[in-house]
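The values are calculated or read from the model by the stated rules, or taken from the named source; none is laboratory data. Nothing here was measured: the structure is a model prediction, and the numbers come from that model. Cβ placement follows ideal geometry from the backbone for every residue including glycine, while neighbour counts extend to all protein chains displayed.
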Amino acid sequence: MAKFELVTNMVPKGDQPKAIKEIVENFRQGAKYQVLLGVTGSGKTFTMAHVIKELGLPTLVISHNKTLAAQLFGEFKSLFPHNAVEYFISYYDYYLPEAYIPETDTYIEKEADINEDIERLRLRTTSSLLSRDDVIVVASVSAIYGLGDPEDVLELYLVLEKGQEINIRDLVERLIDLQYTRNDVDLRRGNFRVRGGRIDIVPAYEDYIVRIEVPEKTIDSIKIVDILTNKVLEVRDKIVIYPAGHWVTTKSKLERAIESIKQELEERLEELYRQGKILEAQRLERRTKFDLEMLREVGYCPGIENYSRHLSGRKPGERPFCLIDYFPDEYLTIIDESHVTIPQLMAMYNGDRSRKETLVEYGFRLPSALDNRPLKFEEIEELWDKVLFVSATPAEYEIKKSNGIVVEQIIRPTGLVDPEIVVKPSSNQVEDMIEEIRNVVERGERVLISTITKRTAEDLAEYLTSLGFRVKYLHSEIDALERVEIIRGLRLGEFDVLVGVNLLREGLDLPEVSLVLITDADKTGFLRSETALIQMAGRAARNACGRVVLYADVVTEAMERAIKETNRRREIQMAYNREHNIIPQTIKKTPEEIMRTTIVADERIMKRTEEDDIEKEVAELRSMFTIYEVIEELERRMFKAASLLDFEKAAKYRDIIKQIKNELEKKEKKVAKASKRGTK
């Protein structure tokens with residue numbers, strides 16, 4: 001049993017103590033699945049933290065989007081500062097998958113911009129899982145995508161101890177096997193350098209140097225050194241170096257894989273020639289032979305994941321390894337916002353396969369590339385040990401899977417009650433909206449309006465603006481970061497009314513919103529389902545004056561069920577409030593607190609003074625060094641800021657680096673043009 005140390009001044013209140021006790025006892029009595037039905041604002045994350053502490057199991061928390069995953073990561077990191085809380089999401093800032101469009105004969109090569117800091121966090125996740133048991137991993141659906149075999153990692157990792165006999169040459173060879181790159185000039189993550197009887201290594205999952213002193217053929221000292229200042233931070237007797245990538249394998253397995261790939265290539269070429277697909281056969285042969293040559297020479301090639309079946313020795317169709325394989329047999333999975341996350345997990349496999357089948361058919365990949373894929377949902381289920389589904393509106397799958405074990409967390413410690421839901425006719429809804437909005441805005445509170453169509457939302461936002469209301473419109477083209485910025489503007493009072501089609505963003509903390517207006521509430525479809533209506537109503541649940549108005553001409557079954565469930569929750573909370581003499585009060589947050597709670601994992605808005613400081617740093621660097629040296633130093637500072645989870649500062653450095661690189665590119669183009677004119 002792992003020891004998780006929960007650090008907080010808060011104690012469980014409301015329904016939290018009962019929920020924690022029930023969930024823990026159910027799991028200890030053999031339950032495999034159960035549901036935590038927790039209303040908005042009831043403190044579900046705090047309950048999850050106590051369940052993790054009591055069970056003492058390594059835990060995987062899966063969230064359906066990166067923004068919420070980042071919020072959960074931050075919360076768990078602050079609650080468990082002495083344990084390994086890790087973050088595992090896709091490391092692509094930008095990702096265009098490899099694809100082929102037969103209709104236009106267009107091949108799209110994979111294009112990706114890898115976020116190195118997130119890649120470091122991913123590698124740290126797997127190294128933590130293989131080296132300790134007090135681990136909490138907050139992940140997106142990346143958790144079900146292919147990774148290297150954990151057995152290979154365990155077989156290849158490098159243990160170094162003071163007094164150990166080893167020579168520099170052998171150590172260098174071992175590091176290269178682990179996909180570390182020798183770089184005696186510029187030491188970065190995943191690199192090492194050799195200086196006489198000393199090797200400096202920057203583990204791919206850390207932000208410091210491991211300095212190994214080998215004066216003769218024996219390790220004399222192992223030091224942890226600051227990568228920027230070169231100061232010794234710590235002296236150790238032993239250290240473990242894990243691979244610099246997730247696709248490592250032993251030499252014997254690599255040799256077998258190369259032979260297996262050659263055999264598959266021969267069989268596939270024979271098949272393509274038999275079908276008269278000469279162009280496809282030539283294309284496949286050229287590409288695969290190039291990859292094989294790279295595998296022989298350096299043990300790696302671009303797109304190595306497409307050969308993962310051969311590298312791990314799996315049979316055709318057999319599932320790939322994934323993050324879950326790095327967990328021990330007994331562990332806990334928490335599916336956050338399960339009513340959204342489960343359908344997302346179910347959909348991953350089919351979307352990936354249809355794209356790859358085209359690549360295989362037209363000779364861009366071997367058929368074995370189809371086995372580099374996300375897991376099928378039934379494969380995920382087979383890997384689960386103990387599962388807690390968490391949602392304010394659990395779906396049929398979760399309830400059925402849990403055999404009716406639904407632990408309710410209805411009571412909010414704050415005393416806040418679910419909003420009152422009112423149904424009004426849609427015939428004069430715009431006039432009624434104006435009156436409702438005016439009353440709320442006069443109190444200094446905010447309004448959300450949900451429409452069915454994009455056109456209606458645009459027209460309504462434009463009309464309300466013409467009447468003098470401060471309104472913004474949220475549409476589908478806005479990316480995750482901009483959505484957060486708009487939400488922040490609403491909360492800070494930069495505007496009062498937010499209009500959109502799908503304003504369902506589970507987990508949003510909006511205590512300033514006291515009114516939610518829902519048009520066409522009697523229309524059928526997912527935007528007006530029982531789940532959607534309850535989730536939308538929940539946006540006003542953090543305000544003591546919360547109200548929801550449904551504009552409809554008839555009361556649908558979905559509306560009726562949503563109103564009935566909301567009223568049930570209201571009655572439970574009000575009874576608790578009466579018993580404990582609680583008067584509900586809206587939680588007031590300062591602008592600074594709002595800024596902190598509306599950040600995402602890779603971007604933040606900085607204070608003006610901090611921006612000025614960084615700009616001064618840059619000006620000073622540019623006066624002292626060449627432009628290339630400035631870029632290099634700024635990248636070092638960016639990585640350092642990100643490693644300290646100061647994403648605010650890291651994002652600013654990143655933007656400045658991009659700006660300088662653009663300037664450099666323009667200058668180089670001008671020089672090139674001038675030189676061409678000169679030669680003429």
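Remarks
- Conditions (1) at pLDDT below 75; (2) under 21 Å from Asp207 (Cβ atoms); (3) not in a loop (DSSP other than H, G, I, E, B); number of the one not met by Arg622: (2)
- Near pairs, Cβ below 8 angstrom, 6+ apart or cross-chain, from segment 466-489 (surrounded by 15 or more Cβ atoms within 10 Å (Cβ to Cβ)) to any residue that is modelled with pLDDT of 80 or more and hydroxyl-bearing (Ser, Thr, Tyr): Val471/Thr465
- Of everything listed in (1) over 33 Å from the mean Cα position of the chain (by Cα); (2) surrounded by fewer than 19 Cβ atoms within 10 Å (Cβ to Cβ), the single unmet condition for Ile222 is (2).
- Qualifying residue in segment 371-381 (condition: assigned by TED's automatic domain parsing to the domain that holds Ser90 and closer than 22 Å to Met48 by Cα): yes
- Flag if Gln573 is under 25 Å from Asp336 (Cβ atoms), modelled with pLDDT under 90 and not in a loop (DSSP other than H, G, I, E, B): no
- Segment 307-325: number of residues that are closer than 18 Å to Lys253 by Cβ, under 23 Å from the mean Cα position of the chain (by Cα) and not in a loop (DSSP other than H, G, I, E, B): 2
- Selected residue (criterion: surrounded by the fewest Cβ atoms within 10 Å (Cβ to Cβ)) from residues of segment 357-367 that are modelled with pLDDT under 90, assigned to a helix (DSSP H, G or I) and not acidic (Asp, Glu): Thr358
- The condition (being modelled with pLDDT under 75, acidic (Asp, Glu) and surrounded by 18 or more Cβ atoms within 10 Å (Cβ to Cβ)) is satisfied by just one residue among Asp612, Asp646, Asp602: Asp602.
- Residues of segment 260-284 satisfying the condition of being part of a helix (DSSP H, G or I) and polar (S, T, N, Q): Ser260, Gln263, Gln282
- Residues within segment 1-52 that are outside any helix (DSSP H, G or I), under 12 Å from Leu79 (Cβ atoms) and free of Cβ contacts under 8 Å to residues at least 60 places away in the same chain, tallied: 2
- Number of positions in segment 344-357 that are more than 17 Å from the chain's Cα centre (by Cα) and more than 24 Å from Ser368 (Cβ to Cβ): 1
- Of all residues in segment 326-356, those that are part of a helix (DSSP H, G or I) and either at positive phi or among the β-branched types (Val, Ile, Thr) (or both) total 3.
- When Thr288, Thr218, Thr250 are checked against the criterion of being outside the structural domain of Leu634 (by TED's automatic domain parsing), polar (S, T, N, Q) and within 27 Å of Asp184 (Cβ to Cβ), Thr218 stands alone in meeting it.
- Selection count where residues are at pLDDT 85 or above and either part of a loop (DSSP other than H, G, I, E, B) or surrounded by 20 or more Cβ atoms within 10 Å (Cβ to Cβ) (or both), scope segment 63-83: 10
- Lone unmet requirement of (1) buried (at least 22 other Cβ atoms within 10 Å of the Cβ); (2) not assigned by TED's automatic domain parsing to the domain that holds Ile118 for Lys162: (1)
- The residues on offer are Arg287, Arg296, and the sole one that is more than 30 Å from Val202 (Cα to Cα), modelled with pLDDT under 95 and either surrounded by 18 or more Cβ atoms within 10 Å (Cβ to Cβ) or within 37 Å of the chain's Cα centre (by Cα) (or both) is Arg287.
- Of the residues making up segment 302-319, those that are under 19 Å from Gln179 (Cβ atoms), of a type outside the set (A, V, I, L, M) and surrounded by 20 or more Cβ atoms within 10 Å (Cβ to Cβ) are Asn306, Tyr307, Ser308, His310, Ser312.
- Single residue of Asn403, Asn439 found to be in the same structural domain as Ala540 (by TED's automatic domain parsing) and either polar (S, T, N, Q) or at pLDDT 95 or above (or both): Asn439
- Residue check, Arg236 surrounded by fewer than 18 Cβ atoms within 10 Å (Cβ to Cβ) and either in contact with a His (Cβ under 8 Å, 6 or more places away or on another chain) or basic (Lys, Arg) (or both): yes
- Wholly within segment 110-203, strands (runs of 3 or more DSSP E) carrying at least 1 residues that are touching a residue at least 24 places away in the same chain (Cβ under 8 Å): 135-139, 158-161, 191-195, 198-201
- Screening Ala521, Ala544, Ala562 for residues that are in a loop (DSSP other than H, G, I, E, B), buried (at least 20 other Cβ atoms within 10 Å of the Cβ) and either at pLDDT below 90 or in contact with a strand residue (DSSP E or B) (Cβ under 9 Å, 6 or more places away or on another chain) (or both) leaves exactly one candidate, Ala521.
- Selection over segment 398-455 of residues that are small (Gly, Ala, Ser), touching a strand residue (DSSP E or B) at 6+ places or on another chain (Cβ under 8 Å) and not in a strand (DSSP E or B) gives a count of 2.
- Some residue of segment 94-101 being part of a strand (DSSP E or B), in contact with a helix residue (DSSP H, G or I) (Cβ under 7 Å, 6 or more places away or on another chain) and at pLDDT 80 or above: no
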